[in-house]
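For reference, the structure is listed below as structure tokens.
The values are calculated or read from the model by the stated rules, or taken from the named source; none is laboratory data. The model shown is predicted, which means the values in this text are computed figures rather than measured ones. Here the Cβ positions follow ideal geometry from the backbone for every residue, glycine too, while neighbour counts run over all protein chains shown. Surface areas here come from the heavy atoms of the whole protein model, side chains and all, with no ligands, DNA or RNA. Shrake-Rupley method; radii C 1.70, N 1.55, O 1.52, S 1.80 Å.
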Amino acid sequence: MSEVTADTVGSIGPAEVPEVELYHAHTWLTKYVFCQDAKVIAIQYSLTAMAIGLVALVLSWLMRLQLAFPGEFSLIQSDNYYQFITMHGMIMVIYLLTALFLGGFGNYLIPLMVGARDMAFPYVNMLSYWIYLLAVLILVAGFFAPGGPTGAGWTLYPPQAILSGTPGHEWGIILMMASLILFIIGFTMGGLNYVVTVLQCRTRGMTLMRLPLTVWGIFTATVMALLAFPALFVGCVMMTLDRMLGTSFFMPSIVELGQQLTYSGGSPILFQHLFWFFGHPEVYIVALPAFGIVSDLISTHARKNIFGYRMMVWAIVGIGALSFIVWAHHMYVSGMDSYFGFFFATTTLIIAVPTAIKVYNWVLTLWRGDIHLTVPMLFALAFIVTFVNGGLTGLFLGNVVVDVPLSATLFVVAHFHMVMGVAPIMTVFGGIYHWYPKVTGRMLNETLGRVHFWVTFVGAYAIFFPMHYLGLLGVPRRYYELGDTAFIPPSAATLNVFITVAALIVGAAQMVFLFNLFWSLSRGKESGPNPWRANTLEWQTPQTPPGHGNWGKELPVVYRWPYDYSVPGAEQDFIPQNQPAFAKVG
Amino acid sequence: MPIVIALVLIAVGSVAFHLWNPWWLTPIASNWQYIDATIAITFWITGVVFTAVILFMAYCVFRFRHIPGRQAAYEPENKKLEWWLAIVTGVGVAAMLTPGLFVWSQFVTVPANATEFEAVGQQWNWAFRLPGKSGRLGTSDVKYISSDNPLGVNPNDPNGKDNIVIVGDDLHLPVGKPVKVLLRSVDVVHDFYVPEFRAKMDLMPGMVTRFWFTPIRTGEFEILCAGFCGVGHPQMRGKVVVDTESDYQTWLGKQQTFAQLSTPAK
Ligand code: HEM
Ligand SMILES: [Cu+2]
Ligand SMILES: [Cu+2]
């Protein structure tokens with residue numbers, strides 16, 4: 001494999017275009033607040049995402065309390081329960097995970113990993129964050145609006161979302177639409193940046209097939225998001241028009257509580273197509289960055305090259321492309337033409353093949369490795385477990401007839417939490433433990449990290465694994481209370497209590513993590529520039545944390561792929577990408 | 001080392017939990033045993049893969065954990081192995097998809113002798129309509145809905161006159177006869193879901209959706225709404241009673257037609 005061996009220094013040509021002068025911030029405000037440096041923007045994105053994510057976490061406790069002890073809490077009524085569900089789901093998927101992976105990890109890692117001084121368009125990048133922040137604030141405003149935030153479910157299906165049987169139909173839904181529209185505008189600004197930076201700003205020698213898989217994951221996810229979000233965007237605009245101006249894009253003739261409404265002729269199923277044309281790729285927008293990050297964590301901490309790099313890249317690209325033709329597997333029982341079932345079941349199950357290849361390659365990277373069980377490695381292992389589990393239950397739901405009984409039950413809730421909730425969050429944690437030393441110059445506390453890992457991993461598995469079986473039994477999702485239902489035995493209530501206790505414990509463990517983040521900022525062990533002895537460029541910066549412009553005077557030159565770990569005959573068990581030749585032993 | 005134990009426990013424990021937990025599919029009451037069979041095939045295949053992958057991982061972590069002096073192997077690719085794994089996966093996927101698509105083709109092919117009935121959803125209750133002697137359901141439209149025509153049956157359509165309208169009461173079906181369910185919503189998306197029948201389908205406002213099944217045992221079954229429809233969603237319940245043919249006929253004889261309902265006795 002030509003990518004693997006180091007090129008001779010002479011074969012890397014001189015830069016074709018001279019470097020442009022980087023902007024320089026002069027005031028405190030432009031340095032730390034309205035900052036154009038991707039590293040600062042990354043931190044702003046990450047902190048905002050984690051703050052709003054905390055709200056979603058608290059909401060999940062409230063929902064779990066209601067499900068375990070129905071009627072015990074006068075605070076939780078049917079209408080605010082649905083508002084909690086909706087806000088929890090939307091925040092977790094969009095405002096936490098999408099923002100954190102792309103805006104957070106993307107901004108920090110892309111320029112550093114490709115050897116650039118910053119993003120291609122730093123000013124637009126800065127705007128991207130501020131628009132995101134505005135979107136978050138508008139979302140939160142829903143909690144204080146008359147009638148509260150929308151309770152339409154994160155899928156926001158009309159007609160229900162804008163009719164009076166749904167909480168928050170007055171203001172909440174409008175604020176949600178406004179917030180999503182802004183989020184998409186802000187994301188587009190950031191997303192164009194990530195794509196252009198990867199394509200145009202790589203340093204000399206950094207061919208596409210030498211990019212770390214983290215960059216491949218984030219890059220592909222961004223391209224997908226740029227193609228998928230517009231569908232949600234138009235859906236939101238049209239629904240806002242239906243709600244505010246009385247148009248009928250999604251509204252057929254309706255009698256609401258005995259009253260004829262003036263809507264007619266619209267198609268609610270059209271919204272579902274638009275929503276899932278965005279919504280399914282969204283799953284992979286969250287998953288692909290996680291795939292990439294996990295690949296790099298495993299390779300670095302197992303001191304071994306990632307197995308089958310080229311296959312991994314093609315799998316990422318293939319999954320990204322295929323995920324645009326599977327969306328209607330969320331609509332098998334929507335009443336769409338029944339022949340769609342054949343097509344979408346087939347495409348959906350085909351995606352399992354590249355996905356499985358990725359899993360095999362992660363596991364085969366461990367095979368004959370030199371596995372250091374660091375905290376990032378533990379989280380990477382936890383990712384594989386939960387992702388395999390959630391991926392396999394996807395084969396149930398993708399196979400159209402099996403989905404018929406299981407759709408809209410707790411089986412679905414358990415499946416998607418495992419695959420796009422728990423698994424990506426494991427990667428987020430692994431990634432933070434891994435890159436925190438680069439961002440701050442200090443290590444996160446190891447003991448606290450292990451406590452956090454064990455409670456989160458075992459707890460999350462205990463929450464979501466048994467839940468599948470309630471779904472198999474037939475317990476529906478989005479039920480404020482189960483009431484007396486003949487087919488649901490009392491033991492189901494016991495399991496619900498168990499799940500809730502586990503959820504509260506897992507939630508508490510996240511406080512340990514937050515404490516660790518702040519405590520280690522000043523008390524953590526100094527890390528030095530490259531504590532994990534990693535190959536990728538971000539660990540080779542002249543300063544840690546990297547300074548403005550990342551690289552000092554000279555941009556790095558790349559001579560090899562990022563996975564030269566444990567190369568036979570090399571003196572050390574790693575050879576950074578910018579190291580031309582390696583010293584042989586003896 | 002704790003992680004090795006945890007991985008083994010997860011693999012073994014998940015299988016044990018699967019085998020011995022008390023929650024499982026409800027006893028089936030319709031002809032869709034094939035769906036249950038497809039679920040069983042899927043459990044077998046995915047279960048084997050899950051345990052194999054997790055146990056293999058546990059072995060790797062145990063066998064190749066860092067000890068002083070260990071050096072990892074250097075093996076960027078192994079085309080043959082990668083292709084083999086891809087092919088085996090493809091075969092496994094096909095083994096689940098093929099039966100799945102066969103069953104789906106049955107699911108979407110309504111038998112010619114199926115009798116129709118209609119389930120109508122509105123926030124937050126169920127109503128039903130059965131054809132009368134003529135065997136036909138009259139046309140309907142949301143615009144005809146009024147207090148004495150809650151289902152919006154077209155008053156000008158002769159086929160609608162003898163239709164049996166059931167509001168606020170249980171639905172009865174005869175055992176052993178295939179039925180085609182026509183679904184209609186007058187307001188938002190609902191979903192007709194009886195866990196024991198396995199089948200379910202959304203009620204999509206503005207459309208008539210459909211599915212079919214054959215009840216195979218008598219009894220009472222709860223109808224749940226499985227399409228989130230607003231604050232009353234969990235309370236949107238109904239009941240379907242599967243009767244023997246003679247019980248069914250007795251029940252049918254006592255029901256009111258659309259014509260009787262819309263011109264109430266003076
Ligand atoms: C320990 C952490 C979590 C707990 C305890 C939890 C709990 C819940 C509960 C109880 C529901 C409602 C289920 C129902 O409909 O009956 C729910 C819904 C949901 N959750 Fe989570 N969740 C957690 C983390 C996450 C994460 C990380 C994500 C990110 C993908 C996520 C995404 C969602 C979504 C999309 C919904 C569906 C909302 C809807 O039905 O509209 N959750 N969660
Ligand atoms: Cu999907
Ligand atoms: Cu409902």
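Output yes when any residue across the stretch A:304-319 is within 16 Å of ligand 1 (Cβ to nearest atom) and under 25 Å from A:H415 (Cβ atoms), and no when none is.
No, that holds for no residue.
Just wondering, is there one or more residues in the stretch A:468-483 that are surrounded by fewer than 18 Cβ atoms within 10 Å (Cβ to Cβ) and at positive phi?
Checking the stretch A:468-483: at least one residue is surrounded by fewer than 18 Cβ atoms within 10 Å (Cβ to Cβ) and at positive phi.
Show the residue pairs meeting these rules: Cβ distance below 7 Å; 6+ apart or different chains; first residue within the stretch A:83-102 and more than 14 Å from chain B (Cβ to nearest Cβ) and over 14 Å from A:T150 (Cβ atoms); second residue within 16 Å of ligand 2 (Cβ to nearest atom) and open to solvent by 10 Å² or more (accessible area, probe 1.4 Å).
A:M92/A:G421; A:V93/A:W154
Which count do you get for residues in the stretch A:348-384 that are within 30 Å of A:P437 (Cα to Cα) and either assigned to a helix (DSSP H, G or I) or open to solvent by 20 Å² or more (accessible area, probe 1.4 Å) (or both)?
The number of residues fulfilling the criteria is 24.
Here is a list of conditions, (1) farther than 21 Å from A:G471 by Cβ; (2) modelled with pLDDT of 95 or more, and B:A95 meets all of them except one; can you say which number that is?
It is condition (2) that B:A95 fails.
On the given criteria, is A:I371 closer than 19 Å to B:T51 by Cα and facing another protein chain (nearest Cβ under 7 Å)?
It is false that A:I371 is closer than 19 Å to B:T51 by Cα and facing another protein chain (nearest Cβ under 7 Å).
Hey, could you check the stretch A:499-533 for residues that are within 14 Å of chain B (Cβ to nearest Cβ) and in a loop (DSSP other than H, G, I, E, B) and say which is nearest to ligand 1 (Cβ to nearest atom)?
A:W532
Answer with yes or no whether A:F453 is at negative phi, touching a Leu at 6+ places or on another chain (Cβ under 8 Å) and open to solvent by less than 20 Å² (accessible area, probe 1.4 Å).
Spelling it out, A:F453 is indeed at negative phi, touching a Leu at 6+ places or on another chain (Cβ under 8 Å) and open to solvent by less than 20 Å² (accessible area, probe 1.4 Å).
Would it be correct to say that A:Y563 is within 14 Å of chain B (Cβ to nearest Cβ), surrounded by 13 or more Cβ atoms within 10 Å (Cβ to Cβ) and of a type in the set (S, T, Y)?
Taking the combined requirement at face value, the residue satisfies it.
Taking the residues in the stretch A:317-336 that are of a type in the set (G, A, S) and within 14 Å of ligand 2 (Cβ to nearest atom) as candidates, determine which candidate is nearest to the other protein chains (Cβ to nearest Cβ).
A:S334
Of all residues in the stretch B:155-176, how many are within 17 Å of A:G258 (Cα to Cα) and outside any strand (DSSP E or B)?
Number satisfying all stated conditions: 1.
With the structure loaded, tell me whether A:G398 is more than 8 Å from every other protein chain (Cβ to nearest Cβ) and open to solvent by less than 20 Å² (accessible area, probe 1.4 Å) or whether it fails that test.
Yes, satisfied.
Quick one: count up the residues across the stretch A:269-304 that are open to solvent by less than 10 Å² (accessible area, probe 1.4 Å) and farther than 30 Å from A:S566 by Cα.
So the answer is 9.
Within the stretch B:224-251, can you find the residues that are touching a residue at least 40 places away in the same chain (Cβ under 8 Å), within 11 Å of another protein chain (Cβ to nearest Cβ), closer than 18 Å to B:F128 by Cβ and buried (at least 22 other Cβ atoms within 10 Å of the Cβ)?
If the condition is that a residue be touching a residue at least 40 places away in the same chain (Cβ under 8 Å), within 11 Å of another protein chain (Cβ to nearest Cβ), closer than 18 Å to B:F128 by Cβ and buried (at least 22 other Cβ atoms within 10 Å of the Cβ), then B:C225, B:C229 are the ones that fit.
Do you know which residues across the stretch A:150-168 are at the interface with chain B (Cβ under 7 Å from one of its Cβ atoms), touching a residue at least 40 places away in the same chain (Cβ under 8 Å) and open to solvent by less than 10 Å² (accessible area, probe 1.4 Å)?
A:G153, A:P159, A:L163, A:G165, A:T166
With the stretch B:183-266 as the region, which strands (runs of 3 or more DSSP E) entirely inside it contain at least 1 residues that are more than 16 Å from ligand 3 (Cβ to nearest atom), under 27 Å from A:Y479 (Cβ atoms) and touching a strand residue (DSSP E or B) at 6+ places or on another chain (Cβ under 8 Å)?
So the answer is B:209-213, B:219-225, B:238-243.
Within the group B:V165, B:V153, which residue is in contact with a helix residue (DSSP H, G or I) (Cβ under 7 Å, 6 or more places away or on another chain), modelled with pLDDT under 95, over 30 Å from A:V401 (Cα atoms) and within 14 Å of another protein chain (Cβ to nearest Cβ)?
One residue alone meets the criteria, B:V153.
If we keep just the residues of the stretch B:208-222 that are in contact (Cβ under 8 Å) with a residue 60 or more places away in the chain and over 22 Å from B:L137 (Cα atoms), which is nearest to the other protein chains (Cβ to nearest Cβ)?
B:F221
Scanning the stretch A:68-82 for residues that are more than 16 Å from ligand 3 (Cβ to nearest atom) and open to solvent by less than 50 Å² (accessible area, probe 1.4 Å), which turns out nearest to the other protein chains (Cβ to nearest Cβ)?
A:N80
If you go through the stretch B:207-219 one residue at a time, do you hit one that is within 16 Å of ligand 1 (Cβ to nearest atom) and either within 30 Å of A:W154 (Cβ to Cβ) or modelled with pLDDT under 95 (or both)?
No.
Inside the stretch A:410-434, can you point out the residues that are open to solvent by less than 10 Å² (accessible area, probe 1.4 Å) and either closer than 9 Å to A:G390 by Cα or within 16 Å of ligand 2 (Cβ to nearest atom) (or both)?
Once the filter is applied, which keeps residues that are open to solvent by less than 10 Å² (accessible area, probe 1.4 Å) and either closer than 9 Å to A:G390 by Cα or within 16 Å of ligand 2 (Cβ to nearest atom) (or both), the stretch A:410-434 yields A:F411, A:A414, A:M418, A:A423, A:P424.
Quick check on the stretch A:534-556: of everything there that is open to solvent by 30 Å² or more (accessible area, probe 1.4 Å) and without any contact (Cβ under 8 Å) to a residue 60 or more places away in the chain, which residue is farthest from A:I298 (Cα to Cα)?
Among residues in the stretch A:534-556 that are open to solvent by 30 Å² or more (accessible area, probe 1.4 Å) and without any contact (Cβ under 8 Å) to a residue 60 or more places away in the chain, the one farthest from A:I298 (Cα to Cα) is A:K553.
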